[in-house]
Each structure stands twice: as C-alpha cells, then as structure tokens.
1. Among residues belonging to segment 100-135 that are of a type in the set (A, V, I, L, M) and within 18 Å of ILE78 (Cβ to Cβ), point out the one that is surrounded by the fewest Cβ atoms within 10 Å (Cβ to Cβ).
2. Inspect segment 8-27 for any residue being crowded, with 19+ Cβ neighbours inside 10 Å, within 12 Å of the chain's Cα centre (by Cα), at pLDDT below 95 and of a type outside the set (A, V, I, L, M, F, W, C) and give the result as yes or no.
3. Residues that are touching a residue at least 60 places away in the same chain (Cβ under 8 Å) and touching a Gly at 6+ places or on another chain (Cβ under 6 Å), at least 1 per element: which helices (runs of 4 or more DSSP H) completely within segment 37-140 meet that?
4. From the list ILE41, ILE33, which residue is more than 30 Å from LEU12 (Cα to Cα) and surrounded by 21 or more Cβ atoms within 10 Å (Cβ to Cβ)?
5. Hey, among the residues in segment 53-84 that are surrounded by 15 or more Cβ atoms within 10 Å (Cβ to Cβ) and farther than 16 Å from PRO131 by Cα, which one's nearest to the chain's Cα centre (by Cα)?
Amino acid sequence: MADYDGETLQRLPEPQWVTLTHVIYALHALSVISGLSSALIVTAFLTGWPSIVAVILNYWKRDCVRDTYLETHFVWQIQTFWRAVLATVVGWLLILSIVGFFAGLLVLYGAGLWVLYRIVRGWLRLLEHKPIGQHWVDVRV
C-alpha cells in the first residue's frame, strides 16, 4: 500500500526515485558547468552526454514516479531540455541569417541563463521535497 502526503494528498515517492531525480539534476548541472567555460551554456547543455543521459532517464523512469511530486520534476526537466532545443534552433537560424546575428546570440545566451535558472530552481524545490511547475497546485488545509 502506498503512503500519501497528508498535505497534498499525493502518493509519496520511494526513496530510490528521489535519489534518481537528484542524479538527473546533477547530470544536467554537469552539462551546464561544462558550458560555463565555453561561450554558450545552452549548447553544452544540449550536446553534453550528461544531459542526454538525463533526458533518457527521464523518459525511461517517468512511469515510476507517476502520481508523486517527482512527476512534476520529470516533466520540468524534459520541458527544459526540449525548450532549450527549440531556442537553440531559433538562435542558430537567426545567426545564420546574418540579419539576425546579434539577435541569435542574444537568444542563445538567454536560453543558457534560462536553463541554468530552471536547473537551480527545480533542484531547490526537490531538496524541499516539493513539486515544481505551473500545473501543480499546493493544497493547504
């Protein structure tokens, strides 16, 4: 029988899935840290093997965290990855168009800062054992 949080009425995750979620944030952070030495955080985030492994783990294990607050973290991490892909494509298309070279650089740098923010914010919420994301409402009694 599953345990439930009395505050949010959501199923509590098993400890190994909490640990896995920390590992996934760490993998994403490792990619971001490698991007700090280069000019573009977002490029390192998307092309670094740690983030690729992390997003594969997100898809592979997301059924294990279904109906827990960890599900919101998995959705958060997956959305961060794919939205960063979209921003990178837009940024590079702008750069290659020559007309939008500086706009493209701005998009890429902005996406890198956004990725950094999402990883830090998500990981901090995980440390608090709380959900993340807009679609999750904290229920207070």
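1. Here is the first cut: in segment 100-135, the ones of a type in the set (A, V, I, L, M) are 103, 105-108, 111, 113, 115-116, 119-120, 124, 126-127, 132.
Remaining after also requiring within 18 Å of ILE78 (Cβ to Cβ): 111, 115-116, 119-120, 126, 132.
Working: ALA111: 24, VAL115: 26, LEU116: 19, ILE119: 21, VAL120: 13, LEU126: 21, ILE132: 21.
Checking each candidate, the answer is VAL120.
2. No, segment 8-27 contains no residue that is crowded, with 19+ Cβ neighbours inside 10 Å, within 12 Å of the chain's Cα centre (by Cα), at pLDDT below 95 and of a type outside the set (A, V, I, L, M, F, W, C).
3. On the way: elements: 41-47, 49-61, 69-96, 101-127.
In segment 37-140, 41-47, 69-96, 101-127 are the helices (runs of 4 or more DSSP H) which contain 1 or more residues that are touching a residue at least 60 places away in the same chain (Cβ under 8 Å) and touching a Gly at 6+ places or on another chain (Cβ under 6 Å).
4. Working: ILE33 fails: surrounded by 21 or more Cβ atoms within 10 Å (Cβ to Cβ).
Result of the check over ILE41, ILE33: ILE41.
5. Applying the first criterion (surrounded by 15 or more Cβ atoms within 10 Å (Cβ to Cβ)) to segment 53-84 yields 53-55, 57-58, 61-62, 64-65, 68-78, 80-81, 84.
Next, from what is left, pick out any that are farther than 16 Å from PRO131 by Cα: 53-55, 57, 61, 81, 84.
Values: VAL53: 13, ALA54: 9, VAL55: 9, LEU57: 12, LYS61: 15, PHE81: 6, ALA84: 10 Å.
This residue is PHE81.
The values are calculated or read from the model by the stated rules, or taken from the named source; none is laboratory data. Remember, it's a predicted structure, so these values are computed and weren't measured experimentally. So basically every Cβ, Gly included, is an ideal-geometry build from the backbone, and we count neighbours across all protein chains shown.
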